[in-house]
1. State in Å² the accessible area per residue of the chain; use a 1.4 Å probe, count heavy atoms of protein chains only, and round to the nearest integer.
2. Of the cross-linked pairs K268/K316; K268/K294; K6/K349; K2/K31, which ones have a Cα-Cα span greater than 19 Å in the structure shown?
3. For segment 28-107, which whole-number percentage of the solvent-accessible area (1.4 Å probe, protein heavy atoms only) is attributable to carbon and sulfur atoms?
4. Calculate the length of the line joining the C-alpha centroid of segment 102-121 to that of segment 144-218, in whole Å.
5. With all protein chains present, how much of the accessible area of segment 261-315 (probe radius 1.4 Å) comes from carbon and sulfur, to the nearest whole percent?
6. 7 Å from Cα along Cα→Cβ at both D205 and E320: what's the point-to-point distance in nm?
7. Cut-off 11 Å, label point 7 angstrom out along Cα-to-Cβ of R9: give me the residues of segment 47-63 whose amide nitrogen falls inside.
8. Show me the GluC sites (Glu not before Pro) within segment 8-98 that DSSP assigns to loop and that have at most 16 other Cβ atoms within 10 Å of their Cβ.
Amino acid sequence: MKALIKPERAPGLELRDVAEPTPRHGEVKIKVLHAGLCGTDLHILTWDDFAAAHVSPGQTIGHEFFGEIVELGPGVEKDDRADVLRVGDRVSVEGHVVCGRCRNCRGGRFHMCIRTSSIGVDRDGAFATYVTVPAHNVWVQPPEIDPELGAIFDPFGNAVHTAFQYPLTGEDVVITGAGPIGIMSALIARHAGARHVVLTDISDDRLDLAREAFDDYGEVVLANTLNTSLEEVQVELNMKEGFDVAFEMSGSPRAMDSIINNLTHGGKIAMLGLPAAPYEIDWNRVITRMLTIKGVYGREMFDTWYTATTILLSSKPLREALRSLITHRFTADQWEEAFAAAASGHAGKVLIDWSHT
């Protein structure tokens, strides 16, 4: 089969012919149909410190994907119950493989496992014809979630997990960072009934992508903060106080400072964006304004997956808005072009089609 691997402890990747994997106890084998590129894959390509600490030579990469189950390994349940996995099921996959033994796992908080390993990072991934994964990680999708939408459920789950940290109905919501996940979280805030939804960035290309997503979906205020401050946005919206809820999706110290300065007292912040380096926060303002700051990582296993699927089933316009974030599509043989597009800063979600390999 074909697989995109890290050939050595150095920059670069290679598309090779490798042996098909065999599912071990408790695993299933999946024929990969579509896979999405994310920043982690770019880190692995360039071989930064993160990649060097996790990825081994010869390892297949890739963790955002959708495919079809072709084989059930030993120990995977086989009976006629509706919720049992079957050959032919079309699925997305949770990329975090958990230990099942730590306190959080035993308490049902799998997304907080202290020994998490990641598909496509710490173990073989899905930029390949086939991949094997634990049956526990598989999420069966209904027919309405096609392979392209199913391939971006990992980042969509990040957005869902972030957006639903706090109640949103009737609230004024600001999102800093108009990358695909930031745009997804803005769509969710609109879907959940927020009063004002404001999405900021310093890139007009990203804001244009957001504008296209919202063309047929609802109102959003898009602001390039190089030109327009959040204070000015509040005046334009005739807001009497600050924002109620903020999603920090950019990792930018400047964005975080802007959020803190523009939240109402008692406002709430959910942080998904990873900063490139530590930075200072005005803790006096956080304390005296009684702000709540919560870090968010990955997806809740599996409440987020359920919510992500059901809200998309409830709204075809939301499905189409989400699909508009897919800006580039490539075949497996075009993987270098796919990575170049993802690294350009001018792309939304980039997909690689593995269905014909």
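The values are calculated or read from the model by the stated rules, or taken from the named source; none is laboratory data. Being a predicted model, the structure only gives us computed values, none of them experimental. FYI the Cβ positions are ideal-geometry reconstructions off the backbone, even for glycines, and counts take in every protein chain you see. Calculation scope for accessible area: heavy atoms of the full protein, side chains included, ligands and nucleic acids excluded. Shrake-Rupley method; radii C 1.70, N 1.55, O 1.52, S 1.80 Å.
1. Details: 15920 Å² over 357 residues.
Per residue, the chain has an accessible area of 45 Å².
2. On the way: K268/K316 30 Å; K268/K294 8 Å; K6/K349 22 Å; K2/K31 12 Å.
Beyond 19 Å between Cα atoms: K268/K316; K6/K349.
3. On the way: 1690 of 3520 Å².
Solvent-exposed carbon and sulfur of segment 28-107 make up 48 percent of the total.
4. What the calculation gives is 26 Å, centre to centre.
5. Details: 1730 of 3110 Å².
Carbon-and-sulfur percentage of accessible area, whole number: 56.
6. Those two pseudo-labels are separated by 2.7 nm.
7. Inside the label zone: 52-57.
8. Numbers: sites: E8, E14, E27, E64, E68, E71, E77, E94; in loops: E8, E77, E94.
Loop-located and lightly packed - E8, E77.
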